[in-house]
Amino acid sequence: MKYLISTPMQLSHALRDVRKSHGLSQEAAGALVGLLPKTVSSLENHPERASVESLLKLLSALGLEVQISAKNDSDSELPVTANEDW
């Protein structure tokens, strides 16, 4: 399953849809990665206000990952450097 996310609202719907498709409540999804149910709710309802750390935790709980691609050329790849000090 792939979602094209360009807006916070699209992210909101995708997170909720995937969580529900896994049969998880907000509480159960949060418990998998140490998030409070209110944090999961916030991610689903107001993702623009959420921390990147919380978003990545919820994505992990849902078995999802982030991929970044160029809008115009989905086959092109940017070089990635292994620098953790960004």
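Using the Cβ atoms and a cut-off under 15 Å, what net charge is assigned to the surroundings of Val40, where Lys and Arg are +1 and Asp and Glu are -1?
That works out to +2.
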Self-check item: Whichever lysines have a C-alpha closer than 30 Å to that of Lys71, once near sequence neighbours (fewer than 8 apart) are set aside
Solution: Lys2, Lys20, Lys57
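Given a Förster radius of 30 Å and the C-beta distance between Glu27 and Thr7 as r, what FRET efficiency does 1/(1 + (r/R0)^6) yield to the nearest 0.05?
On the way: r = 27 Å, r/R0 = 0.89.
Here the calculated transfer efficiency is 0.65.
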Quiz item: At each listed q (0.26 Å⁻¹), what is the log10 of I(q)/I(0) that the Debye formula gives for the stretch 1-80 modelled as equal alpha-carbon point scatterers?
Solution: -1.29
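How much accessible area per residue does the stretch 22-66 have, counting only protein heavy atoms and a probe of 1.4 Å, in square angstrom?
59
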Quiz item: Which whole-Hz couplings ³J(HN,Hα) result when phi for each residue of the stretch 31-40 is put into the Karplus expression 6.51 cos²θ - 1.76 cosθ + 1.60, θ = phi - 60°, listed in order with x for Gly and Pro?
Solution: 5, 4, 10, x, 9, 6, x, 5, 6, 4
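Counting other Cβ atoms within 10 Å of each Cβ, which GluC sites (Glu not before Pro) in the stretch 1-75 have at most 16 and sit in a DSSP loop? Mind showing how you got there, number by number?
Values: sites: Glu27, Glu44, Glu48, Glu53, Glu65; in loops: Glu65.
For GluC sites (Glu not before Pro) across the stretch 1-75 that sit outside H, G, I, E and B with at most 16 neighbouring Cβ atoms in 10 Å, the list reads Glu65.
The values are calculated or read from the model by the stated rules, or taken from the named source; none is laboratory data. Just so it is clear, the structure is predicted and the values come from calculations on it, not from any experiment. With ideal geometry, Cβ positions are generated from the backbone for all residues, glycine too; neighbour counts draw on all protein chains shown. Areas reflect the complete protein model, heavy atoms only, side chains present, ligands, DNA and RNA absent. Shrake-Rupley method; radii C 1.70, N 1.55, O 1.52, S 1.80 Å.
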